[in-house]
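A.B. asks: So that we are looking at the same thing, I have put the structure below in structure tokens.
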Amino acid sequence: MSDKPEKVYLQFVNRWVVKPTDDGKHMAIVFDMQDGPVGVALDNNNLGLFIEQILQELAKLTATQTPEYPPKELVAAPVPVTSFGFAPDPRDSSSTVLMVVVGNVRISFQVDATMLQTTCKRVVASAKELRPKTAN
């Protein structure tokens, strides 16, 4: 499918649900539309690529906005991460690649190295504050 399809009939979604298929090999995304339900099923690899594409499009929309750092509040539901890691960005020396695994889905993010360093310092500082004090 090309990035710029010809005319496409769009419907607005009333409700949606995401859940594994009965065999557990795919993730089903079902949309409740005006004309009735529409469902698609993606395997784990394609689901990860789909999520990355959505995030890339969101990044384009927000590229002209100045981010609020740190954010005043988090309005998203936390997603349990099964593993994560960092690697140098091979294309941008001022960035780091954050790789996140959620279940069987792998997603990577490009993170500004300075922002990452600042965040890590804050995490370490708050972790020190949370350490139980021992009597010596």
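A short reminder: the numbers here are calculations on the coordinates, not readings from a lab. Every value quoted in this text rests on a predicted model; they were computed, and no experiment measured them. Cβ placement follows ideal geometry from the backbone for every residue including glycine, while neighbour counts extend to all protein chains displayed.
A.B. asks: Roughly how compact is the stretch 66-131, stated as its Cα Rg over 2.2 N^0.38 Å to two decimals?
C.D. replies: Normalised by 2.2 N^0.38 Å, the Cα Rg of the stretch 66-131 equals 1.26.
A.B. asks: Roughly what percent of Cα-Cα pairs across the stretch 12-65 reach past 15 Å?
C.D. replies: So the pairs more than 15 Å apart make up 59 percent of the total in the stretch 12-65.
A.B. asks: Taking every pair of distinct Cα atoms and averaging 1/r, then inverting, what Kirkwood hydrodynamic radius in Å comes out for the stretch 38-86?
C.D. replies: Evaluated on the stretch 38-86, it is 13.9 Å.
A.B. asks: Let me ask you something else. May I ask you to evaluate 6.51 cos²θ - 1.76 cosθ + 1.60, the Karplus curve with θ = phi - 60°, for each residue of the stretch 30-42 and list the ³J(HN,Hα) values in order in whole Hz, giving x for glycine and proline?
C.D. replies: Working through the residues one at a time gives 10, 10, 8, 10, 4, 8, x, x, 10, x, 9, 10, 10 Hz.
A.B. asks: Enter the angle in degrees (range 0 to 90, nearest 10) between the Cα long axis of helix 44-62 and the first principal axis of the Cα atoms of the chain, meaning the one along which they spread out most.
C.D. replies: Orientation of helix 44-62: about 80 degrees from the principal axis.
A.B. asks: Moving on. Give me the percent of Cα-Cα pairs in the chain that sit more than 17 Å apart, rounded to a whole number.
C.D. replies: 76
A.B. asks: The stretch 24-47 to the stretch 81-120: how many Å between their Cα centroids?
C.D. replies: Cα centroid to Cα centroid, the span is 28 Å.
A.B. asks: Can you sort Leu47, Leu42, Leu61 so the residue with the fewest Cβ neighbours within 10 Å comes first?
C.D. replies: Fewest to most other Cβ atoms nearby, the residues stand as Leu61, Leu42, Leu47.
A.B. asks: Could I ask something else about it? Roughly what angle does helix 113-130 make with the longest principal axis of the chain, taking Cα atoms, 0 to 90 degrees, to the nearest 10?
C.D. replies: Roughly 60 degrees between the two axes.
A.B. asks: Gln11 label point, 7 Å along Cα→Cβ, cut-off 13 Å on backbone N: hits in the stretch 27-45?
C.D. replies: The answer is 30-40.
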